[in-house]
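Below is one structure; the comments refer to it alone.
The values are calculated or read from the model by the stated rules, or taken from the named source; none is laboratory data. Small disclaimer: the values here were computed from a predicted structure and weren't measured. We place every Cβ from the backbone using ideal geometry, glycine too, and count neighbours over all the protein chains shown. Ligands, DNA and RNA are excluded from the accessible area calculation, which covers all protein heavy atoms including side chains. Shrake-Rupley method; radii C 1.70, N 1.55, O 1.52, S 1.80 Å.
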Amino acid sequence: MTAPRHVFRWDLDKTYLRTEFDSLGDLIKSAIETAADKQAYPGATALLRTLSTTDGYKVCIVSGSPTQMRTVLAAKLALDGVTYDEFVLKDNVRNILRGRFRALRAQIPYKLPALLGSRGGSPPAPAETLFGDDAEADAIVYCLYADLLAGRVDQDTLARILSSARAYDDEAARTLALARQAPKGDVVRRIVIHLDRRSPPLGFRQFGPRLVPVFNYFQAALVLFADGVLDARQLLFVAFEMLDSGQYHLATLANSLQDLMRRNRLGSDTVLRLADEVGAMTTGGLLSARPDLPPFATIARAFTERVRELRGAAPVAWPTDPEPLDYVSLVDHEHDHRRARRRRGHG
Amino acid sequence: MQRIVVDAMGGDHAPEEIVKGAAEASLALPDAELILVGDAEVIGATLPRLRHDGARVRVHHAAQVVEMDEKPGEALAAKPDASILIAAGLVAAGEGDALVSAGNTGASVLACARAWKLIPGVRRAALASVYPTELRRGEKNDPFSLILDVGATIDASAEDLVTFAIMGAAYASLVSRNRRPRVALLSNGTEAGKGPAAVVEAHQLLLEATQLNFIGNVEGLDIPRGVADVIVCNGFVGNVVLKMLEGVSETVVRLARYAHKEKLTWRIGLMALSSALAQLKAVTDWQQYGGAPLLGLEHPFIKAHGRSTAPAITNAIKVAAKASAGDLCGHIGRGLAELSARREGSAP
């Protein structure tokens, strides 16, 4: 089995699927929804399909949804034309049978070993990109996973983090073993956090420039274009799906691009290169066979215009060499935050 | 999609509160695009601290600002890259549908008047203001009446006053969802012959040439009662009335504070009324209403209060979006065209 060039690890709920689970009613609704009822975020399907069909790319889905939902979730992905290489779900029935109620809500003790197990279970890729959301501890788990692989978090620290995350002893031991065995390397190139709750992007600054909070999947595609993971044609495939959804216009896509520039997550040179590539696209071929979509020249002009409007204003300064993360504090804080939300009746 | 241009640098609390208000509006108005005009570096540093939708907010850099205490004409001449000038220019160029500013009133009005055309049939624009009243109106049970003009046109002719009446009625029917607003002329008596010549002539024109729900003349004391939904006067009178009403309100608050300090029995009385007073404050809170529309130009302009904080800006943006979505300027234009046609038809 040959190693993939790049692995993309995706969460599902609130990252790919528009899921509400802030109340018991939301949870029940989510559990009884059919595959056809489930809605993906505009552009997410196009992005996943693009990634899953590119040679050398591998898509692994790691979701906190229970294993009982595998059939309906797999059917939804099939309906969307999304293929994947791995699909990991949480075995909550087993947790209940073992009386492990704490594990039902636990994020880090579930997701971290799932990620490490996936990394260790197949030939390791030299690059990984991770997709999560702002509703749960995805930013913490993904950064921890990246730092573990890069050798920036040692076993003692990991043990303290797992203790802070209220992991059961055997879960902690298994996670520590997986962390020891996982092929190492500074391989996590990018962490994309979908701002489902519209959290202020600056709240993620502490996680460093590798993590990019995005408001939508056009922004995710732009980041991947800048990273050299997607080409302009693939980026437009995502953009067109978003325009097709009716929830986005060319102006809102261009605004999304400008937002990334203002946040210093996309350089004006990259945007101008993209505009050049889009403008140079011929009128023939698959992408242009849609008279209802804006012509390439119009798209290129809209993108260039957003660069011009900033008139060279300096973007937000981002720490290029951030302080090492104090994961124990982050986990404690996240735990307190979640408890406070539960007390307020938000899941 | 409604494209609302916001002067991010105008107002006592700009740009922070303006950007906050726009950020909130980006979440509250799913079909609006907010174009923030101002120092892109400052706005760019403020936005990521706030909950907002990055796809609905666009920043257009403007290097200069007209300060609140500057003389409008001189400031605009000296600052060609002022945020209000750029903002009005964007709307004129078709890049925005409506404008919101909490900045220097004179400079804002002047910038719009220079960049935008008047609606055909309008000779002079009017600045309208809202005032809390005893009676409520419209589908929204709105506790505000509209007074115009409050300062844009100091000396208005009878024709101007009729135009103001049509513009005010169009605004009230759209924003307050008041299908047939009661329109009145402000005068020194309710009789048709009372008041200066322009008011007397306007009274006759409104009765004979328009199909407005014109209820005649009202006096100053009728304003807070809410007898009329739209009160028409020239800019000089309107400005004096508005300032006096504001002064009375402030004096009442000061008297209440004095009473609170002075006697225990008065304090107890005020405490007993506290929930009612709080409710009154909520109803009459100008921040809830957003701002004053400048009527008569080809695009909607909402002038938010200079002291506006984020909620007032959000509400001003909502009003601007509503005015744009409801084609306020088109309504005014059609109202004036009907008036013109009616008068031509009845001409000997």
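Odds and ends about this structure:
- A single entry from B:ARG225, B:ARG177 fulfils the requirement of being in contact with a Gly (Cβ under 9 Å, 6 or more places away or on another chain) and basic (Lys, Arg): B:ARG177.
- Neighbours by Cβ (under 8 Å, 6+ apart or cross-chain): first from the stretch B:130-151, among the aromatic types (Phe, Trp, Tyr); second assigned to a loop (DSSP other than H, G, I, E, B) and at pLDDT below 85: B:PHE144/B:SER176
- Tally, over the stretch A:228-250, of residues that are hydrophobic (A, V, I, L, M, F, W, C) and either within 13 Å of chain B (Cβ to nearest Cβ) or free of Cβ contacts under 8 Å to residues at least 24 places away in the same chain (or both): 4
- Residues that are of a type in the set (D, E, K, R) and either buried (at least 23 other Cβ atoms within 10 Å of the Cβ) or assigned to a helix (DSSP H, G or I) (or both), drawn from the stretch A:154-163: A:ASP156, A:ARG160
- Pairs where the first residue, in the stretch A:74-87, is closer than 21 Å to A:ARG119 by Cβ and open to solvent by 40 Å² or more (accessible area, probe 1.4 Å) and the second is in a loop (DSSP other than H, G, I, E, B) and of a type outside the set (A, V, I, L, M, F, W, C), C-beta under 9 Å, 6+ apart: A:ASP85/A:PRO4; A:ASP85/A:SER122; A:GLU86/A:GLY121; A:GLU86/A:SER122
- Test result for A:ILE28, without any contact (Cβ under 8 Å) to a residue 12 or more places away in the chain, touching a Leu at 6+ places or on another chain (Cβ under 8 Å), open to solvent by 50 Å² or more (accessible area, probe 1.4 Å) and assigned to a helix (DSSP H, G or I): no
- Residues in the stretch B:1-28 that are over 20 Å from the mean Cα position of the chain (by Cα) and part of a loop (DSSP other than H, G, I, E, B) were compared, and the one that is nearest to B:HIS61 (Cα to Cα) is B:PRO15.
- Note on the stretch B:37-47: residues that are facing chain A (nearest Cβ under 7 Å) and surrounded by fewer than 22 Cβ atoms within 10 Å (Cβ to Cβ) total 2.
- Residue within the stretch A:184-193 that is in a loop (DSSP other than H, G, I, E, B), out of contact with any Pro (no Cβ under 6 Å at 6 or more places or on another chain) and within 14 Å of chain B (Cβ to nearest Cβ) present: no
- From the options B:ALA55, B:ALA40, B:ALA93, B:ALA23, residue that is among the small types (Gly, Ala, Ser) and more than 22 Å from A:THR304 (Cβ to Cβ): B:ALA23
- Search result, residues across the stretch A:32-54 that are without any contact (Cβ under 8 Å) to a residue 24 or more places away in the chain and not in a helix (DSSP H, G or I): A:ASP37, A:GLN39
- The condition of being in contact (Cβ under 8 Å) with a residue 40 or more places away in the chain, at negative phi and among the hydrophobic types (A, V, I, L, M, F, W, C) holds for only one of B:VAL218, B:VAL241, that being B:VAL241.
- Boolean, B:ALA92 is of a type in the set (A, V, I, L, M, F, W, C) and facing another protein chain (nearest Cβ under 10 Å): no
- Taking helices (runs of 4 or more DSSP H) as the structural unit, those lying wholly within the stretch A:89-153 and holding at least 2 residues that are open to solvent by less than 20 Å² (accessible area, probe 1.4 Å) and touching a strand residue (DSSP E or B) at 6+ places or on another chain (Cβ under 9 Å) correspond to A:108-120, A:138-149.
- Within the stretch A:202-228, the set of residues being open to solvent by less than 40 Å² (accessible area, probe 1.4 Å) and closer than 21 Å to A:TYR145 by Cα comprises A:PHE204, A:PHE207, A:GLY208, A:LEU211, A:VAL212, A:PRO213, A:VAL214, A:ALA220, A:VAL223, A:LEU224.
- Residue match in the stretch A:318-329 (condition: within 14 Å of chain B (Cβ to nearest Cβ) and under 18 Å from A:LEU236 (Cα atoms)): no
- Residue satisfying all of: in the stretch A:246-285; outside any helix (DSSP H, G or I) and open to solvent by 50 Å² or more (accessible area, probe 1.4 Å); farthest from B:VAL57 (Cα to Cα) among these: A:GLY285
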